[in-house]
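First comes the structure, then the notes that go with it.
Derivation of every value follows stated rules applied to the coordinates shown; laboratory data play no part. Source: prediction; values computed, not measured. FYI the Cβ positions are ideal-geometry reconstructions off the backbone, even for glycines, and counts take in every protein chain you see.
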Amino acid sequence: QVQLVESGGGLVQPGGSLRLSCTASGSIFRINTMGWYRQAPGKQRELVARITSVGMTNYADSVKDRFTISRDNAKITVYLQMSSLKPEDTAVYYCNAELAVYGDPRLREYWGRGTQVTVSS
């Protein structure tokens, strides 16, 4: 059984910062890409940022130069440092990982349950 558990969400004023964390646990054999997605009310889930196992990153245009994704492979954790937050960043943020478990070499996608980020004065 694989679990992705997010933390770090909350309420922040415009211009503020938050750091999200997501740790994977379970019978994990290999992790490929990890990333963050978000879903605002009434909108589709969208990619925010992702990072490969060797540290290559890509970002949504709307968060470039404001958000930074990083990972600690030893801790099986991915982070999202969010700065200069705007009200339009308000959403539920979901952690995503592409990984394989012991006994099954196929890479599969896993999701966390999400953490709420609200940017409001």
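Within segment 1-102, report the trypsin sites (Lys or Arg not before Pro) that DSSP leaves as loop and that have at most 14 other Cβ atoms within 10 Å. Numbers along the way, then the final one.
On the way: sites: Arg19, Arg30, Arg38, Lys43, Arg45, Arg50, Lys64, Arg66, Arg71, Lys75; in loops: Lys43, Arg45, Lys64, Arg66, Lys75.
Passing both the DSSP loop test and the Cβ count: Lys43, Lys64, Lys75.
Would you please give the FRET efficiency between Glu88 and Gln3, computed as 1/(1 + (r/R0)^6) with r the Cβ-Cβ distance and R0 = 30 Å, to the nearest 0.05? The partial results should precede the final answer.
Working: r = 30 Å, r/R0 = 1.00.
For Glu88 and Gln3, the calculated efficiency is 0.50.
By how many nm would the segment from Ser120 to Thr23 lengthen if fully extended, with 0.36 nm per residue of separation less the alpha-carbon distance? Don't skip to the end; give the middle numbers.
Values: separation 97, 0.36 × 97 = 34.92 nm, distance 2.71 nm.
Using 0.36 nm per residue and subtracting the Cα-Cα distance, I get 32.2 nm.
Can you give the FRET efficiency for Asp72 and Arg113, using 1/(1 + (r/R0)^6), R0 = 30 Å, r = Cβ-Cβ distance, to the nearest 0.05?
Details: r = 21 Å, r/R0 = 0.70.
After rounding to 0.05, the efficiency reads 0.90.
Calculate the spin-label point distance for Glu46 paired with Gln13, positioning each point 7 Å from the Cα along the beta-carbon direction, and give it in nanometres.
2.6 nm
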